[in-house]
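The block underneath contains the structure these notes are about, expressed in C-alpha cells.
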Amino acid sequence: MAKIRVTKLRSTIGQSDRVERCMTALGLKKINSFNELELTPQIKGIVRKVNHLIKVENI
C-alpha cells in the first residue's frame, strides 16, 4: 500500500463534531502536527471529508 503524510493546517474550532472526530482518527491534534498513514479506503474517506483542513503528501 502507498503511504501518505497528513499535516493539519487549520483549526477545527467551529467545525462539526464529526470533523473533529475525523481529525482525531487521523492522529492530528495540534496545528502543524503530521502523521504518516497507509492509504486504505477508510483513510481515503476520512481525508476527503476533512481536506479543507489538511495537506496530504505522497511518500
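Since every read-out is calculated from the coordinates, none of them should be taken as a lab result. Bear in mind the structure is a predicted one, so any value in this text is a computation, not a measurement. Cβ sites come from the backbone with ideal geometry, for glycine too, and all protein chains shown count toward neighbours.
When the charge dipole of the chain is built from unit charges on Cβ atoms (+1 for Lys and Arg, -1 for Asp and Glu) and taken about the Cα centre, the candidate among Ile43, Gln15, Val56 whose Cα reaches farthest toward its positive end is Gln15. Give me the distance between the Cα centres of the stretch 29-47 and the stretch 2-21, rounded to whole Å. The stretch 29-47 and the stretch 2-21 have Cα centres spaced 8 Å from each other. Based on alpha-carbon atoms, the Kirkwood radius and the radius of gyration of the chain give Rg/Rh equal to 0.93. With the simple model of a label 7 Å out from the Cα in the direction of the Cβ, Arg21 to Leu39 spans 2.7 nm. Neighbours of Ala25 by Cβ distance under 12 Å: Lys/Arg scored +1, Asp/Glu scored -1, total +3. Normalising the average separation of contacting C-alpha pairs (under 8 angstrom, six or more residues apart) by the number of residues puts the relative contact order of the chain at 57 percent.
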